[in-house]
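*Asks:* Mind having a look at this structure? Questions to follow.
The values are calculated or read from the model by the stated rules, or taken from the named source; none is laboratory data. Bear in mind the structure is a predicted one, so any value in this text is a computation, not a measurement. Don't worry about glycine lacking a Cβ; one is built from the backbone with ideal geometry, like all the others, and counts go over all protein chains shown. Surface areas here come from the heavy atoms of the whole protein model, side chains and all, with no ligands, DNA or RNA. Shrake-Rupley method; radii C 1.70, N 1.55, O 1.52, S 1.80 Å.
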Amino acid sequence: KTLNTLAPYQEHSDLSNSIQLLKQAHILVTEANHELRQVKDNVNLDPEQLSHIETRLDTVYQLARKHHIDPQQLHTQCDMLRLELDALQNDSQQLSELEDELNATYTDYQAAANKLSKLRRSAAKKLQKSVSEHLTALHMPSAELLVELEALDQETPSPMGLENPQFLIRTNAGQAFGSLKQVASGGELSRISLAIEVATLATSTVPTLIFDEVDAGIGGATAEVVGDLLQRLGNSKQVICVTHQAQIAAKASHHYQVSKVNDDKNNRVQAFIECLNEADRVDEISRMIGGLSITKATREHAQEMLAPQHAIAS
């Protein structure tokens, strides 16, 4: 039928080649159609198998979506999950290994903690004695430091070791020991801190120390002792001290004067700080000694106090 439709065009020589090709194609298509029919007749499609394949494909795509991967990557994902499963199934062995490691670590901790406790007890005695001696020199003869090693839970490892060290103080004989914050006043706390810093000078790593009210309630020889101790600290650290005592200020390597000026125009108070030169420092030390009236004697005394100079900032 198809070839008959080409009959009217066979007289056209320009189409002869095209018509020949179409005839050949018709023969090939006919043969292919015949072979396909034979294959179709010989294929036995199993509905149950087809349903099984479709189900598996659906499962594959569901798993791929669940793990956010391409279906082609499911094989690799399966191998990884199998390794994780093997590790979980062998967790009893891993748990045993971890317990052994934990026991070994705890044994090392106990040895280190016991060594630390021994060193602490020895250092506590030395520190208590040294700080108490410095407090006596700082006009606190009845003050006493107690280093208390509060025991911690022995079964629970702690970064602090087997005890928690606490500094307790009493400022009067017969008084109960208490924490520094509860027992000491502002001036006493500064002097206690000074005594502790001097006693631990060889081991302290703090680069800068600031003291305020360290001269509260003291004067004369005691103030000079405070100045000497601050100067001693200043030889190896930066020490900043706020003081009204000439004996302390005279020990400084640099003397800064802080003053306040009423700014009536803006209704406020302005504070100024100035590093004093040598001459101004003599005047300031003289003022700290004699008040507003600076005499020749007070200036000579100030110059005498300023003669030997070393290291604190006042």
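*Asks:* Just need a number here: residues in the stretch 224-256 that are open to solvent by less than 40 Å² (accessible area, probe 1.4 Å), in contact with a His (Cβ under 9 Å, 6 or more places away or on another chain) and over 23 Å from F272 (Cα atoms).
*Replies:* Of the residues in that region, 4 qualify.
*Asks:* Among the residues of the stretch 36-49, are any more than 43 Å from the chain's Cα centre (by Cα), surrounded by 10 or more Cβ atoms within 10 Å (Cβ to Cβ), part of a helix (DSSP H, G or I) and not polar (S, T, N, Q)?
*Replies:* yes
*Asks:* For I248, indicate whether it is assigned to a loop (DSSP other than H, G, I, E, B) and touching a residue at least 60 places away in the same chain (Cβ under 8 Å).
*Replies:* Answer is no for this residue.
*Asks:* Still on this structure, I have one more. Output yes when any residue across the stretch 172-192 is touching a helix residue (DSSP H, G or I) at 6+ places or on another chain (Cβ under 9 Å) and in contact (Cβ under 8 Å) with a residue 60 or more places away in the chain, and no when none is.
*Replies:* Checked the stretch 172-192: at least one residue is touching a helix residue (DSSP H, G or I) at 6+ places or on another chain (Cβ under 9 Å) and in contact (Cβ under 8 Å) with a residue 60 or more places away in the chain.
*Asks:* Based on this model, can you work out whether A111 counts as within 30 Å of the chain's Cα centre (by Cα), open to solvent by 60 Å² or more (accessible area, probe 1.4 Å) and small (G, A, S)?
*Replies:* Numbers: within 30 Å of the chain's Cα centre (by Cα): yes; open to solvent by 60 Å² or more (accessible area, probe 1.4 Å): yes; small (G, A, S): yes.
The answer is yes for A111.
*Asks:* How many residues does the stretch 172-211 hold that are at pLDDT 85 or above and among the acidic types (D, E)?
*Replies:* Number satisfying all stated conditions: 1.
*Asks:* Among the listed residues L98, L119, L127, L88, which satisfies the condition of being open to solvent by less than 80 Å² (accessible area, probe 1.4 Å) and either hydroxyl-bearing (S, T, Y) or out of contact with any Pro (no Cβ under 8 Å at 6 or more places or on another chain) (or both)?
*Replies:* L127
*Asks:* Looking at the stretch 195-211, which of its residues are touching a residue at least 12 places away in the same chain (Cβ under 8 Å) and open to solvent by 80 Å² or more (accessible area, probe 1.4 Å)?
*Replies:* P207, I210
*Asks:* Can you confirm whether N267 is more than 16 Å from M305 (Cα to Cα) and either among the aliphatic types (A, V, I, L, M) or loosely packed, with under 12 Cβ neighbours inside 10 Å (or both)?
*Replies:* Spelling it out, N267 is indeed more than 16 Å from M305 (Cα to Cα) and either among the aliphatic types (A, V, I, L, M) or loosely packed, with under 12 Cβ neighbours inside 10 Å (or both).
*Asks:* Report, by residue number, each residue of the stretch 154-178 that is touching a Leu at 6+ places or on another chain (Cβ under 9 Å) and closer than 19 Å to R120 by Cα.
*Replies:* Once the filter is applied, which keeps residues that are touching a Leu at 6+ places or on another chain (Cβ under 9 Å) and closer than 19 Å to R120 by Cα, the stretch 154-178 yields Q154, S158, M160, G161, L162, E163, N164, P165, Q166, F167, L168, I169.
*Asks:* Here's a check for you: in the stretch 272-300, which residue that is more than 24 Å from V226 (Cα to Cα), part of a loop (DSSP other than H, G, I, E, B) and not small (G, A, S) is modelled with the highest pLDDT?
*Replies:* Checked the stretch 272-300; the qualifying residue modelled with the highest pLDDT is T295.
*Asks:* Okay, next question. Which condition breaks for V269 when tested against (1) of a type in the set (A, V, I, L, M, F, W, C); (2) over 25 Å from Q231 (Cβ atoms); (3) more than 45 Å from the chain's Cα centre (by Cα)?
*Replies:* (3)
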